[in-house]
Structure formats: C-alpha cells, structure tokens
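Below is one structure; the comments refer to it alone.
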Amino acid sequence: MNTYVVCMDSSWVRDSQMFDIAGLTDDELADIDMYSADSEDKWHDMEPTPFIAVIKAENEEEACKKAAIEMRYDPRCLFAIKVSE
C-alpha cells in the first residue's frame, strides 16, 4: 500500500482570507487584535488548498474515495499526492 496526502482542490473553496503577519514582531503578534477595524488592512483574499487526510491506498483514486468517506466529502473535489510506497 502507498501513503497519500489527500487535499481539496482550491477551486472548490470560496471566500477565504488570511491574516498577514509578515513584518510583525512576536510581541506585536501577541498583542494585536486581528478582528479590530485597525487590523482590517492585514486581511487578504487567498486560495487555500485544504488538507483532508493521510490515507493508505493502492492508488490516488482509492485514496480520494477513502478520504471522502472518512471525512464526508465528495471525492470529485479531492486530489491525492503519493508520499511513500
């Protein structure tokens, strides 16, 4: 059996944002209120690739099907990356 990392294709994800911490010191990061109006300019749209599971399977298709059952997603939205044999 092979080991696969299964993820969701980013085209199936909508309205995602991340808080940009680049340039902030650890102290600033600990003290910042990321939900305040003053921090609004730190939020940026992004296209994430959500991690779903690590699955042992014979091939990519089987890995996606197993992950879909385990995590209750449609396997057509998933892809698998082989990480070991």
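The values are calculated or read from the model by the stated rules, or taken from the named source; none is laboratory data. Just so you know, these numbers come straight off a predicted model, no measurement behind them. Cβ coordinates were reconstructed from backbone atoms using ideal geometry, including for glycine residues, and neighbour counts include every protein chain displayed. Calculation scope for accessible area: heavy atoms of the full protein, side chains included, ligands and nucleic acids excluded. Shrake-Rupley method; radii C 1.70, N 1.55, O 1.52, S 1.80 Å.
Looking across region 1-27, the residues that are in a helix (DSSP H, G or I) and closer than 24 Å to R72 by Cα come down to S10, S11, W12. Here the condition is being surrounded by 12 or more Cβ atoms within 10 Å (Cβ to Cβ) and not aromatic (F, W, Y); of A53, A30, it holds for A53 alone.
Rundown of residues vs (1) in contact with a Gly (Cβ under 6 Å, 6 or more places away or on another chain); (2) free of Cβ contacts under 8 Å to residues at least 60 places away in the same chain; (3) of a type in the set (K, R); (4) open to solvent by 90 Å² or more (accessible area, probe 1.4 Å), yes/no style:
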site: R14; (1), (2), (3), (4): no, yes, yes, yes
site: Y35; (1), (2), (3), (4): no, yes, no, yes
site: M71; (1), (2), (3), (4): no, yes, no, no
site: K82; (1), (2), (3), (4): no, no, yes, yes
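In contact with a Lys or Arg (Cβ under 6 Å, 6 or more places away or on another chain), small (G, A, S) and closer than 30 Å to K82 by Cβ: does that describe A57? Break it down into steps so the answer makes sense when it comes.
Values: in contact with a Lys or Arg (Cβ under 6 Å, 6 or more places away or on another chain): yes; small (G, A, S): yes; closer than 30 Å to K82 by Cβ: yes.
Yes; evaluated as a whole, the condition is true for this residue.
In the set (1) of a type outside the set (A, V, I, L, M, F, W, C); (2) open to solvent by 40 Å² or more (accessible area, probe 1.4 Å); (3) free of Cβ contacts under 8 Å to residues at least 24 places away in the same chain, the condition left unmet by N59 is number (3).
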